[in-house]
Structures are given as structure tokens and as C-alpha cells.
Amino acid sequence: MFRKIQKNLLINHPLLWNSKIVPLTFFAVVFHIIFFLIGYVRGTIDFTETDTNYSFDASEGTLIFFSVLISILSLIIWCVYYFKNNALKSFYPKNNFSLFKEWLLIFFGSLLIVTFLVSYFYGKETRVRSYFTENEARKRTEILSLGSFFVNGSYSYYYDNDVAEVVETEPNVDDTIRVNQKNYILYKGKKYSANSLLNKNINSYSFIDAKKDSIYVDRIKNLLVTNQKDSIQKIFKNYLAIAKEHNLKSSIDDKKWLQLIYDYPTFENYKTIGSEEKDVYYLENNDYDKSKIDTTEQYLVQEKEGNFLYNRFYVPEKQLHHAYQKISNSYTNPTISWESYLIALYVALGVSLLLFSFRVTSGKNWLITLVSLGVLNILIGIITAIFGSEYVYLSGILIIFTFSFLYFITTISAQKGKGISGITINAMLWILPAFAPIMYFFILEITKKISGYNNAVGLSRDILYPKITFLQDSGFLFFLTYLNLLFVVIIMLYLSKKIKQWRGIAEN
């Protein structure tokens, strides 16, 4: 089948045949599907795991290593077949856009080869997201956050700065401020004990920002102080329904839970609801200090693995939080994001320019350029270290690019021999992706210096110079990196036509 396809391409589409892009695409797509399926299988969530008790996937590092190895081997094999026939050396007739099309094919092939890992992590993330839609996941994490308020966890701390006192210390040591921790909290003008249930915190998720977190806490407090028992019980019922759906155990139902924690109006006398069935118990001085254990809530058990405190009343909070945090992160902080695609695009761009420069010049020029740029980078690096400024290094790179471009254009105009233009073409192509970002950096720095931005302090910079702040904003810079790709494509359209002209010049 491949022979027939290749024969048809040779007759009708010689550029596609010569680039070997069709067989490469076929085999690359097969590998992408394999990596996606592997990721999908490995993305399965075990709802019984917790943050401290989960199976560590040590084999993922090995899988990443093999994916990189497969990418390298695929690139080598493709290059072996691709460089067998060079239409430029055979003086095969080409139109003005043929070299540009060839570079685009190289870029596409490089992108297929360097993104096997992207398919793996995308498959893994797809599996995690397949459990629930984003809206459903948000609803569930809200229920779990509200329920976590009534589970064993942290309390808020407040300090009374009005009674803080300055303590004199030894000479040459800064004074320290001693602050007294409040033993009460204020809610709607009323005092409650710091150990009151109203002072509890909730377990948050990446869906929930600080503002929402405060809203949820205030919502629960309001339900408690207004004695809305039915609404509190409904939270418990919804929480336990999610736990039951994942076959997770709890020792109480919604009615028992309400009975254990509800102590209106002070909410000081309540039972602790454990976040899992048992907790590790660390003995002090190898003795059992049973007096510290509230036997109405917990009991000590010695097991082969160690000593554990079993909770008489518990819900699977740790298991649920561990699992749903993964689901939440898959939407809010995905492994495969626009940044990931951007990295893949730039790696593919770099590989494509290396292969294209080898294609249009020669192996000898390619190696000389590699060595020359290596030596120049070392020299520029030394000079940069002496002057202690990054401007020196970036200026050196710009000078190399400018010289290479001007020498290339001059060679084409003079038509008196190629000279070292094969080397300068390679250097120009390799530095091209960095040219626009370096120019942008210099322009921005000069603007900041001239405008007085550097002399402004703190937030006044943003107020006085909003445009400069916008130009160096991370979101805008992220947009520029994609815009830079378009810039490189446009410049390559121009350079490919010039390189075609350059190929017709005599060597000497």
C-alpha cells in the first residue's frame, strides 16, 4: 500500500514524496494514539487513596524516558530517508514557494515527532475529566467544601493587637512584638469561643478562590447562628451521597452527624468527626498516654504496621478531597495547557530550522556553523560575565544575526560567489526565533528608562505608566510568543525565496 502511495506521490506530488511526510504522519499518528491510550488508562482515579496514602507511579519516569527516546529515533530514521534525495543538489526545477512549502512540511513532521508526551498527558487528563463535566465537578466540590467544615480540621486564629506589648531584647537585636491570641471570635456582633464550631475552616479546592472560600464559610456560619438545622442536614446528606457513590465508608449517617455536632446557640459542645477511619498514633517516650485520648471519640489499636487511633465517628473526607482535588486541578491547572503547546511548537520550530538549514546548505557548512556559534557563545558569555549585564549577551546575539542577514543579502546582490554565506544562512535561521523577542526586550527597556518608569516605586508604576505595565504583563508576553511564531513564518516565506536565488550563485 505504501509503495503505491509513494509512487503516486512521486509522479503527482514530488515534494510530498521527497519529504517522506506521508509515511511519517501514519506512523506518528499510530504512536500518538498509543500514548494517548496509555495516558487514558493511567489517568484512572482510585477514590480510596489519600494525600498520605497513595500508590506512587514510579514507572511514569521510565515512560517519559522512552517517549523521548522514541522521538529521537523517529527523527533519525525520518532524516535518513528524507536526506537520501535532495532536489536542490540535483538541480530539480522548483518554483518560488517550493522551499517554503518544504520547510512547512518539515515543521509539521517535527511537531508530530516531538509531541508524543503531549498525547500521553492529554490522554491522562481526558480520563480524569471524563468522570464529571466541569459544572458537575464544581457543584460537587462545593458540597464537599461545605461538608468539610464539620470534619476534624484546622481553626482560624485571631490576634488582639491592642494588647500587644514590646519586649526589650539584648543589644543589637531587633525588638520583638508579643501578640496575644484571642480566645474568642466575633460574628455578627456576638462573641463565640475560639474553640467553637463557628471558628472552623473548610478544605478548599482549586475551583474555589479565597473570595469563594470566605463566602462558603460565612454561609455555614449564618446557617448555624440562625438555627437552620434542616439546611445543615441537607449538606450532610449531599456529602454522604457523594461518598456512597464512590463506595467509601463512613460510620455515621446525616442524622447522626447532625446530632453529634449541633449545639445551638454556642456550638461549643460537639463531637469530632474524623476525616478517615483511623489515624497514625505516635507514642511519646514509648508509653501509652491514654489520658490524652477522648475515648468517646477514638480508641487505640496496636497493629503490625504501628499504632492507630480509630475514629468512632468518621466520614471519608481525606479520600474525597484527594480525588476531587485531582479532578478540580484537571480543569483549573491542567498539565496540558496553552503553555505546553507553546513549548512543543518552539521545540518543533527549532528542529525544523536545523533540518531545513542542513537541507539548503550542506553538512560541512552546518557543522562549521555549529562550532562557530558555540565558540562565539562562549566568548560573549565571558564578556557578559565581565560586564555583569545581560544586555551584552543579547546585543552579541543581535549583532551575529544582523551580520549574517546583511552578508546573505549582499551575497545575493553581488552575484560574485557564495563565500561564507552558507555558514551565515545557518546562523541566521537558527537565531531567527529569538530575534523578535530580543528586539522587544530592548525596546521595552529603553522605553522604561526614557519614560522614568524605573524611578517610580511600587504601585505608582502601574498608575503612572499603565501601558508599560501592560506591555510587560505575563499574559501579553504569552500572546507575543504566539505572535512571534507568525512572524517567523512570514520571514521564512521571504527567506525561502531568497535562499532559492542564493542556490543559483556559483560557489566561488
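The values are calculated or read from the model by the stated rules, or taken from the named source; none is laboratory data. Predicted model, so just to flag it, every value in this text is computed and none were measured. Glycine gets a Cβ as well: all are built from the backbone with ideal geometry, and neighbour counts include every protein chain shown. Calculation scope for accessible area: heavy atoms of the full protein, side chains included, ligands and nucleic acids excluded. Shrake-Rupley method; radii C 1.70, N 1.55, O 1.52, S 1.80 Å.
In region 122-133, the qualifying residues are those that are surrounded by fewer than 20 Cβ atoms within 10 Å (Cβ to Cβ) and not charged (D, E, K, R), and the one that is nearest to the chain's Cα centre (by Cα) is Thr126.
When the residues of region 154-207 are filtered to those that are modelled with pLDDT of 80 or more and of a type in the set (Gly, Ala, Ser), the one that is nearest to His321 (Cα to Cα) is Ser204.
Can you tell me which residue in region 128-157 is farthest from Trp257 (Cα to Cα), limited to those that are of a type in the set (S, T, N, Q) and in a loop (DSSP other than H, G, I, E, B)?
Ser130
I'd like to know if region 225-245 contains one or more residues that are modelled with pLDDT under 90 and β-branched (Val, Ile, Thr). Taking every residue of region 225-245 in turn, none turns out to be modelled with pLDDT under 90 and β-branched (Val, Ile, Thr).
One line per residue, one yes/no per condition, for (1) of a type in the set (Lys, Arg); (2) in contact with a His (Cβ under 6 Å, 6 or more places away or on another chain); (3) closer than 11 Å to Phe116 by Cβ; (4) touching a residue at least 24 places away in the same chain (Cβ under 8 Å):
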| residue | (1), (2), (3), (4) |
| --- | --- |
| His32 | no, no, yes, yes |
| Phe36 | no, no, yes, yes |
| Thr44 | no, no, no, yes |
| Phe47 | no, yes, no, yes |
| Thr50 | no, yes, no, yes |
| Gly61 | no, no, no, no |
| Phe66 | no, no, yes, no |
| Ile76 | no, no, no, no |
| Lys84 | yes, no, no, no |
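Within region 375-395, one or more residues are more than 30 Å from Lys278 (Cα to Cα), in a loop (DSSP other than H, G, I, E, B), of a type outside the set (Asp, Glu) and modelled with pLDDT under 95.
If you take the residues in region 390-416 that are more than 21 Å from Ser357 (Cα to Cα) and not polar (S, T, N, Q), which one is least open to solvent (accessible area, probe 1.4 Å)? Even if it seems obvious, please write down each step before you answer.
Here is the first cut: in region 390-416, the ones more than 21 Å from Ser357 (Cα to Cα) are 390-396, 414, 416.
Next, only the ones that are not polar (S, T, N, Q) stay: 390-394, 396, 414, 416.
On the way: Glu390: 98, Tyr391: 84, Val392: 42, Tyr393: 79, Leu394: 38, Gly396: 12, Ala414: 49, Lys416: 170 Å².
Ranking the candidates gives Gly396 first.
Does Leu240 satisfy the criteria of being without any contact (Cβ under 8 Å) to a residue 60 or more places away in the chain, part of a helix (DSSP H, G or I) and under 27 Å from Glu49 (Cα atoms)? If you could, list the steps in order and put the result at the bottom.
On the way: without any contact (Cβ under 8 Å) to a residue 60 or more places away in the chain: no; part of a helix (DSSP H, G or I): yes; under 27 Å from Glu49 (Cα atoms): yes.
Criteria not met by Leu240.
Working carefully through the options Val301, Val360, Val315, find the one that is modelled with pLDDT under 90, of a type in the set (A, V, I, L, M) and more than 30 Å from Val118 (Cβ to Cβ). Working first, answer last.
Working: Val360 fails: more than 30 Å from Val118 (Cβ to Cβ); Val315 fails: modelled with pLDDT under 90.
Testing whether each residue is modelled with pLDDT under 90, of a type in the set (A, V, I, L, M) and more than 30 Å from Val118 (Cβ to Cβ) leaves just Val301.
With respect to the stated conditions, Glu136 is of a type outside the set (Ser, Thr, Tyr) and either free of Cβ contacts under 8 Å to residues at least 12 places away in the same chain or open to solvent by less than 20 Å² (accessible area, probe 1.4 Å) (or both).
Test Val375 against the criterion of being more than 30 Å from Leu146 (Cα to Cα), touching a helix residue (DSSP H, G or I) at 6+ places or on another chain (Cβ under 8 Å) and open to solvent by 30 Å² or more (accessible area, probe 1.4 Å), and give yes or no.
On the way: more than 30 Å from Leu146 (Cα to Cα): yes; touching a helix residue (DSSP H, G or I) at 6+ places or on another chain (Cβ under 8 Å): no; open to solvent by 30 Å² or more (accessible area, probe 1.4 Å): yes.
Taking the combined requirement at face value, the residue does not satisfy it.
Has region 428-445 got any residue that is assigned to a loop (DSSP other than H, G, I, E, B) and exposed (fewer than 15 other Cβ atoms within 10 Å of the Cβ)? No, there is no match, as no residue in region 428-445 is assigned to a loop (DSSP other than H, G, I, E, B) and exposed (fewer than 15 other Cβ atoms within 10 Å of the Cβ). Taking every residue in region 294-311 that is over 10 Å from Asp279 (Cα atoms) and pairing it with any residue that is open to solvent by 60 Å² or more (accessible area, probe 1.4 Å) and assigned to a strand (DSSP E or B), at least 6 positions away or on another chain, the pairs with Cβ-Cβ distances below 8 Å are Val301/Lys278; Gly306/Val280.
Specify which of the listed residues (Phe100, Phe65, Phe36, Phe121) is part of a helix (DSSP H, G or I), modelled with pLDDT of 95 or more, out of contact with any Pro (no Cβ under 6 Å at 6 or more places or on another chain) and hydrophobic (A, V, I, L, M, F, W, C).
On the way: Phe100 fails: modelled with pLDDT of 95 or more; Phe65 fails: modelled with pLDDT of 95 or more; Phe121 fails: modelled with pLDDT of 95 or more.
Exactly one of Phe100, Phe65, Phe36, Phe121 is part of a helix (DSSP H, G or I), modelled with pLDDT of 95 or more, out of contact with any Pro (no Cβ under 6 Å at 6 or more places or on another chain) and hydrophobic (A, V, I, L, M, F, W, C), namely Phe36.
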